[in-house]
Amino acid sequence: MSGAIRLAVIGLGKIARDQHLPAIASSDAFELVATVSRDGARSDGIPHFEEVGDLAESNIGVDAVSVCTPPQVRRAVAQAALARGWHVLLEKPPAATLGEAEALRDLACARETTLFASWHSRHAAGVAPARAWLADREIRSVRIAWREDVRVWHPGQAWIWQPGGFGVFDPGINALSIITHILPRPLFVTAADLEVPENCAAPIAGTVSMCDSAGVNVAMELDFLQQGPQSWDIAIETDAGTLRLAKGGAEVSFPDGRQPPAENDGEYPALYAHYAELIRAGESDVDLAPLRIVADAFLKGRHRQVAAFIE
Ligand code: NAP
């Protein structure tokens with residue numbers, strides 16, 4: 001493919017407006033040719049459609065799409081796009097279930113189109129240096145604290161509380177996307193304790209205990225009702241001291257206190273650079289490990305009903 005990749009953004013909500021549209025605008029690799037969202041919202045001068053089918057029937061040339069809808073509708077939207085031969089970027093989580101994500105991977109393979117199950121936190125500035133440093137270390141234990149105020153970060157997003165909405169795992173899966181990228185061995189869920197508000201279908205808080213095949217323990221705490229300072233922190237104990245990732249992976253500090261400067265332009269510009277590379281190379285990138293851990297926590301966890309959540 002020569003020239004800019006003609007891209008449509010599907011699902012024009014918070015993340016599409018805050019991150020995708022600016023990253024696309026600053027990229028030479030992509031040209032935004034259309035947006036799709038049911039509410040009729042438009043970005044200036046760009047053709048807008050309410051449904052993917054309307055875009056497909058238009059005379060607008062499309063090479064690729066980014067699917068930024070809530071997870072519950074992502075499989076159907078992505079399936080329609082792949083069936084047309086369009087390349088597809090999936091916002092995280094790649095689908096509402098493992099089965100849906102695997103079906104999309106298989107369809108992309110059959111259609112010989114690119115499927116990028118993106119994990120934006122893997123492109124956070126501290127993650128690559130952390131991964132490189134850990135490669136030579138013996139890892140002893142990992143602690144994850146992911147605590148944020150849902151009322152601040154997800155106002156009005158009712159889909160988060162509905163079946164397939166992930167609840168507190170909507171942000172929590174970002175931590176899982178980082179640790180499955182920087183730790184050397186796959187993780188197994190050994191136990192989970194999930195607190196589900198009586199008026200919701202998804203957890204509002206919980207703990208997840210994991211281990212790897214070498215017996216390294218990973219403990220995760222999740223809270224969607226955090227007041228005051230918010231935490232998106234990972235601490236990794238090694239034979240050479242403790243490595244810390246903070247601010248969702250944006251900052252890394254090594255045991256000697258060293259904090260390397262950021263080496264990329266931000267998560268979403270890096271994510272789109274990778275999407276362009278995959279399309280040009282005719283490849284896909286579909287790592288479902290973070291979604292599998294969430295699924296296993298739901299399968300193996302104890303689900304406890306707690307007080308209703310009123311926004
Ligand atoms: P949001 O603000 O609720 O936006 C979701 C958008 O999807 C809405 O504009 C909605 O608009 C659209 N939509 C829903 N069903 C659709 C359909 N069938 N076809 C086309 N569009 C549809 O949610 P968000 O915060 O942007 O999150 C979306 C995804 O991005 C989630 O998976 C989330 O985990 C991920 N994400 C969010 C953040 C964040 O900080 N918010 C960060 C990273 C990743 P209409 O109802 O008008 O169609």
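Solvent-accessible surface of the stretch 232-311, averaged per residue with a 1.4 angstrom probe and all protein chains in place: 54 square angstrom. To the nearest Å, what is the center-to-center distance of the stretch 262-311 and the stretch 1-74, using C-alpha atoms only? The stretch 262-311 and the stretch 1-74 have Cα centres separated by 20 Å.
Normalised by 2.2 N^0.38 Å, with N the number of residues, the alpha-carbon radius of gyration of the stretch 5-117 equals 0.97. So with the 1.4 Å probe, I'd like the accessible area per residue for the stretch 127-169, rounded to whole Å². Counting only protein heavy atoms, the per-residue value for the stretch 127-169 is 47 Å². Peptides 294-304, 172-182 ordered by packing proxy, namely the average of other Cβ atoms within 10 Å per residue, highest first: 172-182, 294-304. Computed in the context of the full set of protein chains, the accessible area of the chain at 1.4 Å probe radius has 48% of its extent on carbon or sulfur.
Taking 0.36 nm per residue of separation and subtracting the current Cα-Cα distance, fully stretching the chain between Gln72 and Glu138 would add 19.8 nm. Its alpha carbons considered, the chain gives a radius of gyration followed by a Dmax of 19.5, 60 Å. Of the peptides 100-110, 248-258, the order by per-residue mean of other Cβ atoms within 10 Å, starting with the highest, comes out as 100-110, 248-258.
Averaged over its residues, the stretch 5-117 has an accessible area of 42 Å² per residue, based on protein heavy atoms and a 1.4 Å probe.
Membrane-span-like helices in the chain, defined purely by DSSP H runs whose alpha carbon atoms cover 18 Å or more axially and whose average Kyte-Doolittle hydropathy reaches -1.0, are 98-111, 169-182, 267-281. The convex hull built on the alpha-carbon positions of the stretch 83-217 has an orientation-averaged projected area of 10.3 nm².
The values are calculated or read from the model by the stated rules, or taken from the named source; none is laboratory data. Just so it is clear, the structure is predicted and the values come from calculations on it, not from any experiment. Note that each Cβ is placed from the backbone with ideal geometry, even for glycine, and that neighbours are counted across all protein chains shown. Note: areas computed on protein heavy atoms with side chains; ligands, DNA, RNA excluded. Shrake-Rupley method; radii C 1.70, N 1.55, O 1.52, S 1.80 Å.
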